[in-house]
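The values are calculated or read from the model by the stated rules, or taken from the named source; none is laboratory data. Fair warning: this is a prediction, and the values are worked out from it, not measured in the lab. Positions of Cβ are generated from backbone atoms using ideal geometry, with glycine treated the same way; all protein chains shown enter the neighbour counts.
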Amino acid sequence: MNKSTLRSHCPITTGIDVIGDKWTLLIIRHMLFRHKHTYGELIDMKEKIATKVLAQRLEALAADGLIEKRNHPTNKKVFLYTLTDKGIDTIEIMAKIINFSVTHYRSQMQTKPLDKTKLSYIYMHAKSEEDFIKNAKKNYIKFRKNLLNF
């Protein structure tokens, strides 16, 4: 069941209603590329998301089927959040945003010393956008499988 209230049948509006807020893609980015999977890890973003906002977005992402929330196998106070296949598919949207940013705002993304872990660096040094997407999906699916042991 989707939690998002959709305003129209327009595919752009629908996409914005589901993932177009200020935080959703950043949470997914943190999960997909940094392999963060607990509330404590996700709250530690450099963009400084508020605790209440993170809790609300995680709830909405689970309701929309982009993430799954599971009990931690050894600590009942901790939950594991993992991307579903639907959530992993947002990589294609993020790749387009990265491409736009690298093309039009490259100077703002350059750092010294060079940070090879930055998405812009990884994207620019991939063989192609398709290769970037394929590798990101493959790496996350492997991570999720190891985390959840299935």
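Quick rundown of the values:
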| item | result |
| --- | --- |
| Selection status of S120, touching a helix residue (DSSP H, G or I) at 6+ places or on another chain (Cβ under 9 Å) and of a type in the set (S, T, N, Q) | yes |
| Residue tally, condition in contact with an Asp or Glu (Cβ under 7 Å, 6 or more places away or on another chain) and either in contact (Cβ under 8 Å) with a residue 60 or more places away in the chain or of a type in the set (S, T, Y) (or both), over region 82-109 | 2 |
| Matching option when the condition is aliphatic (A, V, I, L, M), closer than 18 Å to I91 by Cβ and either part of a helix (DSSP H, G or I) or out of contact with any helix residue (DSSP H, G or I) (no Cβ under 8 Å at 6 or more places or on another chain) (or both), among I28, I12 | I28 |
| Number of positions in region 90-115 that are in a loop (DSSP other than H, G, I, E, B) and farther than 28 Å from L66 by Cα | 6 |
| Counted residues, region 7-20 - those being surrounded by fewer than 16 Cβ atoms within 10 Å (Cβ to Cβ), modelled with pLDDT of 90 or more and not polar (S, T, N, Q) | 6 |
| Subset tally (residues that are within 15 Å of F100 (Cα to Cα) and at pLDDT 95 or above) for region 112-129 | 2 |
| Sole residue being of a type in the set (A, V, I, L, M, F, W, C), loosely packed, with under 14 Cβ neighbours inside 10 Å and either touching a His at 6+ places or on another chain (Cβ under 9 Å) or at negative phi (or both), chosen from F33, F100, F79 | F100 |
| Of all residues in region 30-84 being polar (S, T, N, Q) and at pLDDT 95 or above, the one that is farthest from the chain's Cα centre (by Cα) | T51 |
| Unique residue being acidic (D, E), in a helix (DSSP H, G or I) and without any contact (Cβ under 8 Å) to a residue 60 or more places away in the chain when the list is E47, E59 | E59 |
| Residue that is without any contact (Cβ under 8 Å) to a residue 12 or more places away in the chain and not in a helix (DSSP H, G or I), where the choices are K52, K77 | K77 |
| One residue from G15, G87 being in contact with a Leu (Cβ under 6 Å, 6 or more places away or on another chain) and within 25 Å of Y123 (Cα to Cα) | G87 |
| Hey, G65 part of a helix (DSSP H, G or I), in contact (Cβ under 8 Å) with a residue 24 or more places away in the chain and either within 24 Å of N146 (Cα to Cα) or of a type in the set (A, V, I, L, M, F, W, C) (or both) or not | no |
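Residue-by-condition table, conditions (1) in contact (Cβ under 8 Å) with a residue 12 or more places away in the chain; (2) touching a strand residue (DSSP E or B) at 6+ places or on another chain (Cβ under 7 Å):
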residue	(1), (2)
C10	no, no
T14	no, no
T24	yes, no
Y39	yes, yes
